Each structure stands twice: as structure tokens, then as C-alpha cells.
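Scroll down for the structure; my scribbles are underneath it.
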Protein chains: 2
Amino acid sequence: MSALEALKQDLEGLQIEDNPQIVKQKSRDFFWYSPVLKGQLDDVTADLVVTPKTEAEIIQVLKACFAHDVPVTTRGSGTGNYGQAMPLAGGVILNLAAMDKVKEIRAGVVVAEAGAIISKIDDETRAHSGQELRLHPSTYRTATIGGFIAGGSGGVGSINWGGLRDLGNVLRLRVLTMEAEPQVLEMTGEDLHKVMHAYGTNGIITEVEMPLTAAYDWVDVVVGFDQFMDGVQFGDDLGNLDGLLVKEIAPIAAPVPHEYFLRHQKFIRKDQSVVVCMVAPFAMDAFASFVGRFSGAELLYRSDTASDAEKKGLPPAYELAWNHTTLRGLRVDPSITYLQVLYPFPTQIESVRKMTELLGDEVPGHLEYVRFDGKITCFGLPLVRYTTEARLNEIIKLHEDNGCPVFNPHRYTLEEGGMKQTDAVQLAFKKQADPKGLLNPGKMIAWENPDYDFSSDKLFLFPGLQRG
Amino acid sequence: MSALEALKQDLEGLQIEDNPQIVKQKSRDFFWYSPVLKGQLDDVTADLVVTPKTEAEIIQVLKACFAHDVPVTTRGSGTGNYGQAMPLAGGVILNLAAMDKVKEIRAGVVVAEAGAIISKIDDETRAHSGQELRLHPSTYRTATIGGFIAGGSGGVGSINWGGLRDLGNVLRLRVLTMEAEPQVLEMTGEDLHKVMHAYGTNGIITEVEMPLTAAYDWVDVVVGFDQFMDGVQFGDDLGNLDGLLVKEIAPIAAPVPHEYFLRHQKFIRKDQSVVVCMVAPFAMDAFASFVGRFSGAELLYRSDTASDAEKKGLPPAYELAWNHTTLRGLRVDPSITYLQVLYPFPTQIESVRKMTELLGDEVPGHLEYVRFDGKITCFGLPLVRYTTEARLNEIIKLHEDNGCPVFNPHRYTLEEGGMKQTDAVQLAFKKQADPKGLLNPGKMIAWENPDYDFSSDKLFLFPGLQRG
């Protein structure tokens, strides 16, 4: 009997899927935003998808997989773009979609199971007490809270609260280890960094406790500019207004808004750059007053005064931003891809100008203003009109040579997609929590190859990927 | 019949006080924190106190005073420290204490009459929907919202929201002009700056619409440090943590905390500097984790785990901060006074160190971390062991020579207490709204003497003050 057959026996009574077509489909995340990852990961598939309904069932899965040495890759909704949830060594996909309950809501706090959809959590906290989560990705309506914490970094709301990594943006995680007898750990404070943004390589997050903030009927706003850099300055100034509450500020260069935001096209001229914002309803007088300070700024759309006819069929503003900008580009032009860039404070505007001048329409600008270590600065998710991998790497190098670090979304390892160094805390915890190295194999270079030279400029290739 | 007697006739039916003892008492604000203002303003008194109950009654007062050329100085609770509410030319004190109703509460917004006590507003908004005002002075339990807007600048909460001057921190003001037929104006957006922080010199604020934020049971925390500068660094780092929600960060140098915070004395060693904080209850795990990063930091007191015996008789943390620090000093040592200083970003820590080294225990440090134009920096309300006015001015000059602007709390004019220049918007609006110059005379130099030379280094003396 193969390990897999033995495993299936041990999992009897659980919800299991082993139809290869469906398993392959459930093995995929949004890695295909990257032509590089698409080439590398397109054939990757697990052997089995297990969908536990309770923490006890997860423990049953982990014990069985540990006993039979079967890899386990945990999955929320699979909305990650770095291949976070791709099961490079096959084995089991642990699908947490059925662990979706909101368990407790109180002032400033929500407790939910890891598989709860982010917008569903907000639906409940809003109805309960006018509260909502601080941060969410543009995949608000599909992504799970556990997946966001394990594989995301920030998003809508980061202009107020920084990123998930910031102390206080996650309050508590309940985590299972991958051992003969899985332990149940409760983490708070600095300890949280052991498992956050570790792609599920060193523990299974089953329950999260997150801070809430006041929920409002955010007004979607699109402001138009003839010059992209004027929109960049507008976004920067807006982000630095301490009293004007916004949840999102995204400058996006022409011709992206007109060409790719098809539902909003009617509001935007072809040569117009825009800043997409979400503004607190009670701040709209102040916001309009602020727009008036910019001679070239044009309030193209605001959802609070738009007619029903105008609003019909429009996606929410956050689905124009973050990686939905890329997605909308991809839908019109499948050859498009993107980067993730940090323009460090205090030279963010100069850096953006420099890169815009250097790369022009080959890399149309898309910024996301955020708080970062207490300062307002911007991340970029510029689109890239992709030609070759060599040119893509050149563009990345150009950013880095100009002082703009790239979180390379064309790499599936934690290190290469992040700060290009091993996170010692994550690695140390993996040694303890996943001694056999069965959790999401191939994603942490430091585990696979402790002597790996990150300065080598080479691409790490997980040996497991060559098995097929 | 004198103008005053004619006025009294016109005001029949309104609540009027003309007993000189009581009028003098009701004419005083907290100017006496300054030995300089104490010398200048101690004999100042109005002739009459009128306490209207409705906006219609205020209009009646304004019409009558306009007709008889009687000055009108508007007053909330008189908690200002710059002599904002001192009736330099006598006349009527318009006491808005009876205009104290909360009129509407909705998501993110409260509408209240100008004389509503700030903590009373919060009591209602908390009970209604778990909301509270963004900002309040340390005189939370006595100050009125209208007085705060007309004479204050920021306070507790400014670490998150900046100051009142920041677009969005006041949503709407209803304002009466001082004309034969007073106009009722509704101001929003940039227009608000016409009357905000104008000491009531160019209009009477009768109703305010303010933004609300989520209310929490803030945890009062005192962290101890052997070195003041370690507390300063702690406060700066804490303020720059984007995800850790606090409402107040005030580093205060030894021996102030032990010597002047009498109720908290038992928690604080004589040589200990402290940082007084208000922390969201759900952030306390993260906060404790953060304190652990500082080898010298000692968590001296936290209200969430303190016993009833420990908490007995303690004032709330915000009554150790802002100008309550000064007040507690004055109660123990009546010779003490203070300054208001800005340590501009990004050199705030160096500036504080420099001034601390230069002035030592003659000017014990007290900082208030705030957001200022999008950056975290600190204001200072250092105590001053007062000797002479000449030395006080030397100390002020020393700050300014070292790049730290002083908002001089020993001056009763808008200009000298502020940016040492005329606010053209306020002046223009006064010409329109108070053509006879009857509102709070003597406070706007630009009105009294349009040719005044602010670079003269002289002290402006309102002629009216010499009448006595």
C-alpha cells in the first residue's frame, strides 16, 4: 500500500477530493500573474485535497501526514500571487475553506477561524457593532483571513495602519505544529512573527484574533490628472493630512485607467492618470476642499453623489487597486505583468519620478500610499509590458540600483520574494514545529539549502519541481 | 442712561449676572499659569455676564451689544491658558455654558451646541454607538467643545489625528456675525479656518459638527526610565508603530512625576522619568512586548491589571498630561510656569536632547508626541522654574535659536501666542463679520494696529488694558 493510500485510510470520514482534475484546479493560486512563475508552476498539483471542518479534523490530517511523510500545503482561497499555496512537492492540500466561522466580536476585536472570508467577517462585525477589519487585500470578497496573514502583507487600510507585520495588527494566532502529536499554540506580541507571512511553512494557523476599527460607508472616489506626477504629489499630500480620514490612495498612470478599468472607462479620458481613493463619508467636504487646492485635479467620480445609472455595474474602488489593477490589465492584455516595489521615505516622489522617466510606458506607474514605520510613503505595483524574462530582470535591477527595493513577485520562495535573506525567527520555529519539513516544501530556501548564497544572483529552483 | 443700562434693558428676560464679584470670577480663565499674564490680566473684568439658552437669545445679545457699542467676549468654561477669554475691554461676557446639548449622533459624526462639555459629549456618543471625539484637552471634564475649537489646538488623540487645524478634524461650524442683523453662517472645508483658533474675535460659534472615532476603554499606563532621553526615544518609537493603537504618549522628566503627581507618587521613584500613555485595551499584549524591547523600561502602572486599592483616588492618565502636568506642578510649587514648544521633525530627538542639556532642571522636560503634517514629532510643554520675566524670555529665545518654535503662553494676543504673524484669513473675516471690532477686543494685533511690527521684539500692550 502506498503512503497515499495509507493516508486516505487514516482520513476516512473527512471530506477528501482525489479526482486529479479537481485536485489540480484546487492546487492553483494566482501565481499566473507572473509569466515566470507560470512557466515554472503550471504543472504543479497536489495528490489530494482535504477540507477539514474542525481543528480536531486538522489535527487528524497532520498526524496522518506526519506518520506517512506526506507534505501538507495549507490553502485559504488561493488568491496569492507569489505561488504561496502551490504544492511544489505534491501531497495534501489542506483546504481551510470550511473553517469559516466568526467566533467572537467585541470592542476593537474579532476572533475568527482561519478560513473565514475577509468581507464576510466585516459583514458580521459591521452588523454587530459598526466595526470592520483594519486591512484587507483587493481580493476582499474571496480571500481568507488566515491566507492573508500567512501570505499577504497589507492592502486597503495600510494608509492608516501600516502592514500586517506591524506589532498590533494581529492580536493572537492559534497555531498547530506538524509533529507526531501536533501541539496547539497560542501566540501574541512579538511571537506572532514566527508564523506570519511564512506561507504556512512552519505551522497551521487555525484561528485568528484581529483588531477592528470603526466601519464607515466609504466613498469611492476617482480624481483625474493630466500628469501622473501631479497625481503622485496629490496622493502624498493627502496621505499626510492627519485629520482627513481615507482608507485607500492609489495613483495610477495613464493609459491604464481608461484602457483597463472598463466599467469606469466612461469617467476617464484616455490620457488621464487617476488617483483612486476611499474616503470617509463625513470627510467629503474636506476632501472636495482639498481637491480644490490642485489646479489640475478633476473629481471624475464619487460614489456618494453618483446616480444609480452611473453606479450600475461598477466594481468597488478597492477592486481597481492593489493587485486588482494588474488583474484588470491582464484581462485586456494577457501579456502584462507587474512588480512590487518600495519607494522609501523621504525620497519617494523623486524615486517615482526617476523610474517613470527611465521606463515610461513600458512600466506604467501604479502606487499605493501606505504608512511605513510611521511615515507616509508608497509601494508600487507598476504594470510591466512583458517581453522577456531577461528584460524583466533588468527592470528589477534598475529599480534596485535606484534605491527602490523590489519584492519580486516572480519568485515562489519566501526569501526571493521578500527581503532576500532568511528570516531567522521563522527558520528556528520551523525546526521546532515542522521537524520533518513537511509543511509547504520548497518555499523556504534556508530550510532546503542552509548554505544558499543569496548574493549569487541565481534563481533558486526547488528540486521537487524537477520530479515531473 | 449709560450704554450698559440701555443694554440691560434690551436683554430683559435673559439670564444676566451683574454682581461685580461674580462677574469678575466669571471673567477669569486659566491665564494665571503664566506669571507674566497674571501681572497683566489679574484686574481684568467684564461688566456683565449673559448666559443665553438658545441661538435666538445669542442673536438678541449681539444685536443689543452692536447697537450700544458694547464689547462681547465669548466664553466656554474658561480653561484656556493664553487669556483667550479675558475681556480686556470689559463689556459683556457671553457665557455659552447653557448651550450644552448634543443634537445628533451618527456614524463618525456628532453635532453639539458650542457649550457642551467635551466629556459629556463622549458620554453620549459612547452610550449611543461606541464612539468618541478624536481629540480633547486635558481639561476634558470641564472644557467646552466650542471653547476648544475657538481657543485650543490639540491634545489627547493628536498622536493619531494631528491638531484641530488639520482639515477634517472639524466638519462644520455654525457661526453668528456681530452686525446690526447678525448673520447665521454654516462653514465647512477650508472656510472653517476663518473662525477656528480666533479666540472668538470674528464670530460666535453656536454649533459644531465633529468627527467621531471608535471609543475604547483606554488603559492608563506609566512606564519608568532612569534616563529622560530613553523615555523620549521610547515615545518616538511607540508613536511610529503604525499598528499599535495608543491615544496619548507623554514623556516627562524626573523629578516632575514623583514630586508633582502626588496620587501616582507611590508608583514612581524620585529619580525616575516616565512616559504616560493611553493604550487600546486589545493592544496591551503588543504594548508589553514592545516595552520588553527597551532594557531600561519598567512598566510602573497599568490600569487594566491594577487592583482597586491601587486605582483608588488616581486621576486618569490624561490629567497627568498636556497642561495638567503644569497644573500639578503649580499646585506643589506655585512659582512654576511652562512653555509650549514644537520640536520639528525629523530632528525632534536631537532638539530635545540639546535643550535638556542646555537648561537641565531649570526647565524639566515634558513632551507630547503628536502627528504633525503626517509625521510623528513632539510638542513640548516643559515646566519652567520661573525666576524673572527676562530669564523666561531668554529661555524662549534659546529655544527659538535652536530651531524650536515657541507658542508663547505668556502673551494674550493671537499673533504673539502663535506664529508671530497675522492670519490674513482671520483678519479678512473679522472685517466682514465684526465691522465695529466688538468681539473679544485686544486679542488680534492686526486689527488693533495694522502697522504693528512683529519683528520689533516688543510686547504688544492693548490700550484698553491701561484704562483701569
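Here is how the numbers come out for the structure above:
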| read-out | value |
| --- | --- |
| Whichever residue in region A:381-419 is open to solvent by 10 Å² or more (accessible area, probe 1.4 Å) and of a type in the set (Phe, Trp, Tyr) and, among such residues, is nearest to A:Gly83 (Cα to Cα) | A:Phe407 |
| Pair list, Cβ under 9 Å, 6 or more apart: region B:223-236 residue under 20 Å from B:Gln265 (Cα atoms), other residue open to solvent by less than 10 Å² (accessible area, probe 1.4 Å) and hydroxyl-bearing (Ser, Thr, Tyr) | B:Gly224/B:Ser273; B:Phe225/B:Ser273; B:Asp226/B:Ser273; B:Gln227/B:Ser273; B:Phe228/B:Ser273; B:Gly231/B:Ser273 |
| Exclusive hit being within 13 Å of chain A (Cβ to nearest Cβ) and closer than 30 Å to B:Ser295 by Cβ, set B:Asp191, B:Asp237, B:Asp226 | B:Asp237 |
| Hits in region B:429-448 (condition: without any contact (Cβ under 8 Å) to a residue 24 or more places away in the chain and either open to solvent by less than 60 Å² (accessible area, probe 1.4 Å) or among the acidic types (Asp, Glu) (or both)) | B:Gly437, B:Glu448 |
| Some residue of region B:54-66 being under 27 Å from the mean Cα position of the chain (by Cα) and in a loop (DSSP other than H, G, I, E, B) | yes |
| Residues of region B:360-379 classified as of a type in the set (A, V, I, L, M, F, W, C) and open to solvent by 10 Å² or more (accessible area, probe 1.4 Å), total | 3 |
| Which numbered condition B:Ala317 fails, given (1) closer than 21 Å to B:Phe234 by Cβ; (2) open to solvent by 10 Å² or more (accessible area, probe 1.4 Å); (3) touching a residue at least 60 places away in the same chain (Cβ under 8 Å) | (2) |
| Of all residues in region B:37-51 being crowded, with 21+ Cβ neighbours inside 10 Å and of a type in the set (Val, Ile, Thr), the one that is nearest to B:Leu11 (Cα to Cα) | B:Val50 |
| Qualifying positions in region B:385-417 - out of contact with any helix residue (DSSP H, G or I) (no Cβ under 8 Å at 6 or more places or on another chain), without any contact (Cβ under 8 Å) to a residue 60 or more places away in the chain and not basic (Lys, Arg) | B:Thr387, B:Thr388, B:Ala390, B:Asn393, B:Glu394, B:Ile396, B:Glu400, B:Asp401 |
| Flag if A:Ala424 is open to solvent by 40 Å² or more (accessible area, probe 1.4 Å), modelled with pLDDT under 95 and among the small types (Gly, Ala, Ser) | yes |
| Selection within region A:349-407 - in a strand (DSSP E or B) and small (Gly, Ala, Ser) | A:Gly380 |
| Conditions (1) away from every other protein chain (no Cβ under 14 Å); (2) without any contact (Cβ under 8 Å) to a residue 24 or more places away in the chain: number failed by A:Glu179 | (2) |
| A:Ser138 of a type in the set (Gly, Ala, Ser), buried (at least 24 other Cβ atoms within 10 Å of the Cβ) and within 11 Å of the chain's Cα centre (by Cα) | yes |
| Lone unmet requirement of (1) in a loop (DSSP other than H, G, I, E, B); (2) within 14 Å of another protein chain (Cβ to nearest Cβ); (3) of a type outside the set (A, V, I, L, M, F, W, C) for B:Asn160 | (1) |
| Residue within region A:306-316 that is in contact with a Gly (Cβ under 8 Å, 6 or more places away or on another chain) and not in a loop (DSSP other than H, G, I, E, B) present | no |
| Failed condition for B:Lys375, given (1) of a type in the set (Lys, Arg); (2) within 14 Å of chain A (Cβ to nearest Cβ); (3) in contact (Cβ under 8 Å) with a residue 60 or more places away in the chain | (3) |
| Residue list for region B:106-125, restricted to those being more than 20 Å from A:Leu245 (Cα to Cα) and either open to solvent by 10 Å² or more (accessible area, probe 1.4 Å) or out of contact with any Asp or Glu (no Cβ under 6 Å at 6 or more places or on another chain) (or both) | B:Ala112, B:Glu113, B:Ala114, B:Ile117, B:Ile118, B:Ser119, B:Lys120, B:Ile121, B:Asp123, B:Glu124 |
| Hey, A:Val256 touching a Gly at 6+ places or on another chain (Cβ under 9 Å) and at negative phi or not | yes |
| Residues satisfying the stated conditions in region B:100-132, i.e. in a helix (DSSP H, G or I) and touching a His at 6+ places or on another chain (Cβ under 7 Å) | B:Ile118 |
| Residue under evaluation B:Pro405, criteria (1) closer than 22 Å to B:Arg75 by Cα; (2) under 23 Å from the mean Cα position of the chain (by Cα), criterion not met | (1) |
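Residues checked against (1) open to solvent by 50 Å² or more (accessible area, probe 1.4 Å); (2) closer than 24 Å to B:His136 by Cα:
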site	(1), (2)
B:Ala309	yes, no
B:Ala321	no, yes
B:Thr326	no, yes
B:Phe345	yes, yes
B:Met355	no, no
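The values are calculated or read from the model by the stated rules, or taken from the named source; none is laboratory data. Quick caveat: nothing in here was measured; it's all calculated off a predicted structure. Glycine also receives a Cβ, built like all others from the backbone with ideal geometry; neighbour counts cover every protein chain displayed. Each accessible area value is taken on the protein alone, full model and side chains, heavy atoms only, with ligands, DNA and RNA left out. Shrake-Rupley method; radii C 1.70, N 1.55, O 1.52, S 1.80 Å.
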